[in-house]
Amino acid sequence: QVQLVESGGGLVQAGGSLRLSCVASGSIFGINDMGWYRQAPGKQRELVAACTRGGSTNYVDSVKGRFTISRDNAKNTVYLQMHDLKPEDTAVYYCHARIWSGDDYWGQGTQVTVSS
């Protein structure tokens, strides 16, 4: 199994920046893809950014050009660097990992709040 521990959330004004971190432990060699999801109140959880084991990335359209996902395999850590934050980015952000078998693991979530 995999354990995911997130950090870096907080309150920031529109236009500001935050960096989220997620450290994986446990069966880390079984991890294939990692990513960040978010869920705002009353909204469906959505994929924000994903990164494969080889470093290929993709993003939801609303964050392209503002967010960057990166992965440090040596540190078993995935990051989400967020710039030019907007109020609509306010959500609980969840780290996600998928192992080779297809099983999914989730972090506890970290709150990101962007004020106008």
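The values are calculated or read from the model by the stated rules, or taken from the named source; none is laboratory data. On a predicted model such as this, the values are computed, not experimentally measured, just so you know. Don't worry about glycine lacking a Cβ; one is built from the backbone with ideal geometry, like all the others, and counts go over all protein chains shown. To get the accessible areas, we keep the full protein, side chains included, count just its heavy atoms, and leave off ligands, DNA and RNA. Shrake-Rupley method; radii C 1.70, N 1.55, O 1.52, S 1.80 Å.
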Original post:
GNM on the chain, C-alpha springs below 10 Å: top fluctuator among GLY30, GLY15, GLY42?
Top reply: GLY42
Original post:
Whole-Hz Karplus ³J(HN,Hα) for the stretch 106-112, in order, using 6.51 cos²θ - 1.76 cosθ + 1.60 and θ = phi - 60°, x for Gly and Pro?
Top reply: 10, x, 7, x, 9, 7, 10
Subject >> Surface per residue (accessible, 1.4 Å probe) for the stretch 63-102, Å² >> reply: 47
**OP:** Once you have the Kirkwood Rh of the stretch 15-66 from its Cα pairs, apply Stokes-Einstein at 37 °C and 0.692 mPa s and quote D in µm²/s.
**Re:** 254
Original post:
In the stretch 20-116, what trypsin sites (Lys or Arg not before Pro) fall in a loop by DSSP, with at most 15 other Cβ atoms inside 10 Å?
Top reply: LYS43, ARG45, ARG53, LYS64, ARG66
Original post:
How would TRP106, TRP36, TRP100 rank on accessible area, largest to smallest, probe 1.4 Å?
Top reply: TRP100, TRP106, TRP36
**OP:** State the Cα centre-to-centre distance between the stretch 1-25 and the stretch 52-114 in whole Å.
**Re:** 8
Subject >> Cβ-isolated cysteines (cut-off 4.7 Å), the chain >> reply: CYS51
Original post:
Given charges of +1 on the Cβ of Lys and Arg and -1 on the Cβ of Asp and Glu, with all other atoms neutral, how large is the dipole of the chain about its Cα centre, in debye to the nearest 20?
Top reply: 120
Original post:
Along the stretch 91-96, what does the Karplus equation 6.51 cos²θ - 1.76 cosθ + 1.60 (θ = phi - 60°) give for ³J(HN,Hα), rounded to whole Hz, x for Gly and Pro?
Top reply: 4, 8, 9, 10, 6, 9
Subject >> Selection from THR90, TYR79, ILE28, by position along the positive dipole direction of the chain (Cβ) >> reply: TYR79
Original post:
With every protein chain kept in the model, how would you rank VAL5, VAL78 by accessible area, 1.4 Å probe, largest at the top?
Top reply: VAL5, VAL78
**OP:** Kindly state, to the nearest 0.05, the FRET efficiency for GLN108 paired with GLU88, given R0 = 22 Å and r defined as their beta-carbon distance.
**Re:** 0.45
Original post:
Rounded to a whole number, what % of the accessible area of the chain do carbon and sulfur atoms account for, probe 1.4 Å?
Top reply: 49
